[in-house]
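Take a look at the structure below.
The values are calculated or read from the model by the stated rules, or taken from the named source; none is laboratory data. Keep in mind the model is a prediction, meaning the values are calculated, not measured. Cβ coordinates were reconstructed from backbone atoms using ideal geometry, including for glycine residues, and neighbour counts include every protein chain displayed. What goes into the accessible areas is simple: the full protein's heavy atoms, side chains included, and nothing from ligands, DNA or RNA. Shrake-Rupley method; radii C 1.70, N 1.55, O 1.52, S 1.80 Å.
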Amino acid sequence: MSRLVFILNGPNLNLLGKRQPEIYGAETLADVERDCAALGAELGLEVRLLQSNHEGQLVDWVHEAREAACGIVINPAALTHTSVALLDALNTFEGPVVEVHISQVHKREAFRHHSYVSLRADAVIAGAGTQGYQLGLRRIAALVGA
Ligand code: DHK
């Protein structure tokens, strides 16, 4: 079995650390990548962190994950609330999927309360800050028996 976990990130998360730090915190996506790589090494998992502002690119990465990855941690960002295409792509992936939101979306605007991706996700983590990615990785490890 593959030991690779894809950590996928949607629109605007390239600005993590600079964008609304009062909501999303001061850590950057590079910090998230470093921390997840270190945790992955402990858990015996390799991680590949990817970010795109484009829905189709995220769909393509989910298709790649079908061949390459044992699990997916995904923060779809705004696509959470809009993207049937991403949901359909994730429905073609056989391994575990954990959905992560840095902020506690249920304390925010009503339009953030609905997630298409949650119809597929095996676990959903919201409001744990960037630590949510590591929690997601630990859950993938448990589900794949790493
Ligand atoms: C990130 C975003 O960019 C928003 O569009 C989502 C999510 C919430 C987050 O909390 O990580 O609504």
- Note on the structure: Applied in sequence order to region 111-126, the curve 6.51 cos²θ - 1.76 cosθ + 1.60 (Karplus, θ = phi - 60°) yields integer Hz couplings, x standing for Gly and Pro, of 5, 8, 7, 9, 10, 5, 5, 5, 5, 10, 5, 7, 8, 10, 10, 9
- Note on the structure: So, with points 7 Å from each Cα along the Cβ direction, the Lys107-Ala68 label distance in nm works out to 3.6
- Calculated over region 23-146: convex hull of Cα atoms, volume per residue (Å³): 95
- Item | Label point distance in nm, Gln20-Leu119, each placed 7 Å from Cα along Cα→Cβ | 2.5
- Item | Accessible area of the chain belonging to carbon and sulfur atoms, whole % at 1.4 Å probe | 49
- Could you give the nm distance between label points at Leu135 and Glu94, where each point is 7 Å from its Cα heading toward the beta carbon? 3.0
